[in-house]
Amino acid sequence: MPGVAKPRTPRGRAVETDRRLSEAYPGTARDLCELDFGTPFQLLVATVLSAQTTDERVNMVTPKVFARYPDPADLAAADPEELEGLIHSTGFFRAKARSLMGLGRELSERFDDQVPQALEDLVTLPGVGRKTGNVIRSVAFGLPGLAVDTHVTRLTRLLGLTESDDPVRIESDVCALLPPAAWGGFGLKVILHGRRVCVARRPRCADCLLNDFCPSAYKGGPAKKAVRSRPPAGPARGDRTRDPG
């Protein structure tokens, strides 16, 4: 961007990235989430189902799941074969069915059928790790939470916001650069940008609104560092390499 000073520190790049991506992908964390849901419980179910598949696929499956199991107690009492049949097309359906039935039981028995807001409680639920917990906190409750998936891992490294490939360390590094209120939206905007522009196999650096200060890109195309930094992560909208939890 001509006439705009290039940020030279990780904090500066994080703030400017957030500012520019907010213009390209406006809205709250809830607005930016591409999973269809109505309640925190539905978002939790959808997020567990989203592991290793696409949001589009999950959105095709969840209407029947939500109708058949409207609350945690219903999910806890599900017939495994019936539940597996409903979610079969999302992949890893047996493991996901066990996780869903387990989290339904835990929510019913320990949390009075309510989805907890604290990350330390969320990560005790079957099938829920820090990534899923932070999705629930930021999208369902509007609370601080940076979900680190493969896109966030790849782009924050390319932007020089972290040198780690450990999700917990990346979360810590990036959160230290931004105010808590920005964490949830920042992660989702980075995910969208990774799917649509900074695609792992074919990054469109010339079209990227961050290319004037991204350390791993130049206006003519991907720099060598950008190419070798991370292995291919799948198609732009597929997001099939997302980490469970």
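The values are calculated or read from the model by the stated rules, or taken from the named source; none is laboratory data. Treat the numbers as computed from the prediction; the structure is a model and nothing was measured. Here the Cβ positions follow ideal geometry from the backbone for every residue, glycine too, while neighbour counts run over all protein chains shown.
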Keeping to region 190-205, report how many residues are at pLDDT below 95 and surrounded by 22 or more Cβ atoms within 10 Å (Cβ to Cβ).
-> 2
Just name the residue that is nearest to L143 (Cα to Cα) out of those in region 18-34 that are surrounded by 15 or more Cβ atoms within 10 Å (Cβ to Cβ) and among the hydrophobic types (A, V, I, L, M, F, W, C).
-> A29
Any chance F111 is outside the structural domain of F186 (by TED's automatic domain parsing) and surrounded by 17 or more Cβ atoms within 10 Å (Cβ to Cβ) | no
Output the residue which, of all residues in region 206-222 that are modelled with pLDDT under 90 and over 16 Å from G194 (Cα atoms), is surrounded by the most Cβ atoms within 10 Å (Cβ to Cβ).
-> Y218
Single match in L155, L143 (criterion: closer than 21 Å to L188 by Cα, at pLDDT 95 or above and surrounded by fewer than 21 Cβ atoms within 10 Å (Cβ to Cβ)) | L143
Residue check, V128 against (1) part of a helix (DSSP H, G or I); (2) surrounded by 15 or more Cβ atoms within 10 Å (Cβ to Cβ), all met but one. Which one?
-> (1)
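Yes or no, residue by residue, for (1) part of a helix (DSSP H, G or I); (2) assigned by TED's automatic domain parsing to the domain that holds D212; (3) without any contact (Cβ under 8 Å) to a residue 24 or more places away in the chain:
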site	(1), (2), (3)
T17	yes, yes, no
L21	yes, yes, no
T53	no, no, no
V58	yes, no, no
T62	yes, no, no
F66	yes, no, no
D74	yes, no, no
H88	yes, no, yes
For L83, indicate whether it is among the aliphatic types (A, V, I, L, M) and touching a Lys or Arg at 6+ places or on another chain (Cβ under 6 Å).
-> no
Conditions (1) among the hydroxyl-bearing types (S, T, Y); (2) part of a helix (DSSP H, G or I); (3) in contact with a Lys or Arg (Cβ under 8 Å, 6 or more places away or on another chain): number failed by T156 | (3)
